[in-house]
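Below: the structure, in C-alpha cells.
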Amino acid sequence: MPPAADEPFARIDVAQAKILIAAGVHVIDVREPKEIGEDGKIPGSHLVPLNTFLASAGEHVTGDAILFYCKAGVRSAIACEMAAAIGVPTLYNLEGGIVDWKKAGEHVEYQ
C-alpha cells in the first residue's frame, strides 16, 4: 500500500503487517515497557519507547523499511514521521496497533 499524498508512510492493517513481517521488515514497538506486560508484543519486534525514539531516532533505525506500532496507531504514526524526517524511505504504521493485532487472533509474546 503506497503512502497517502500527505503522509510519508503507509497505513496498513494486520494482514498487510503479517506479510511484511514474514518478508523480514524491521518492526519497532513504540509503547512503554509496562504496556508489553499488559498487552504483549508482536513476536520479533523491538521495543523503543516513543520518547526514546524521538530523542535518538538514528540510533534505532536499521535498514530502509520499518513497521512501527503502538497500542492503537497514534504514537507509531509520530514515529513514522520522525523516521521519514531522518531519511528512512519506506515506512509502515500498523493501524489499530497491538489492539487490532490481538483482535485478529495473532500471537503475542510477554516479557
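The values are calculated or read from the model by the stated rules, or taken from the named source; none is laboratory data. The structure displayed is predicted, hence computed values, not measured ones. Neighbour counts are summed over all protein chains in view; Cβ atoms, including those assigned to glycine, are modelled from backbone coordinates with ideal geometry.
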(1) closer than 19 Å to Glu95 by Cβ; (2) free of Cβ contacts under 8 Å to residues at least 24 places away in the same chain; (3) among the charged types (D, E, K, R); (4) in a helix (DSSP H, G or I): which one isn't true of Glu38, the others all being true?
(1)
If Tyr69 satisfies all but one of (1) crowded, with 17+ Cβ neighbours inside 10 Å; (2) over 22 Å from Glu106 (Cβ atoms); (3) modelled with pLDDT of 95 or more, what's the number of the condition it fails?
(2)
Filter segment 11-63 down to the residues that are touching a Pro at 6+ places or on another chain (Cβ under 7 Å) and acidic (Asp, Glu) and list them by number.
Glu32
For segment 74-93, which positions are farther than 14 Å from Glu7 by Cα and surrounded by 20 or more Cβ atoms within 10 Å (Cβ to Cβ)?
Arg75
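Yes or no: Lys18 among the basic types (Lys, Arg), assigned to a helix (DSSP H, G or I) and either surrounded by 13 or more Cβ atoms within 10 Å (Cβ to Cβ) or free of Cβ contacts under 8 Å to residues at least 12 places away in the same chain (or both)?
Yes; evaluated as a whole, the condition is true for this residue.
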Go through segment 88-110 and give me each residue that's touching a Gly at 6+ places or on another chain (Cβ under 8 Å), among the charged types (D, E, K, R) and not in a helix (DSSP H, G or I).
Glu95, Glu109
Top-ranked residue in segment 6-27 [being under 20 Å from Gly105 (Cα atoms) and among the β-branched types (Val, Ile, Thr); ranked as nearest to the chain's Cα centre (by Cα)]:
Val27
Could you list, in sequence order, all residues of segment 1-48 that are within 13 Å of Ala77 (Cα to Cα) and of a type outside the set (Asp, Glu)?
Pro3, Ala4, Pro8, Phe9, Ala10, Arg11, Ile12, Ile28, Val30, Arg31
Are any residues in segment 50-84 touching a helix residue (DSSP H, G or I) at 6+ places or on another chain (Cβ under 7 Å) and not in a helix (DSSP H, G or I), and if so, which ones?
Val61, Ile66, Leu67, Phe68, Tyr69, Cys70, Lys71, Ala72, Gly73
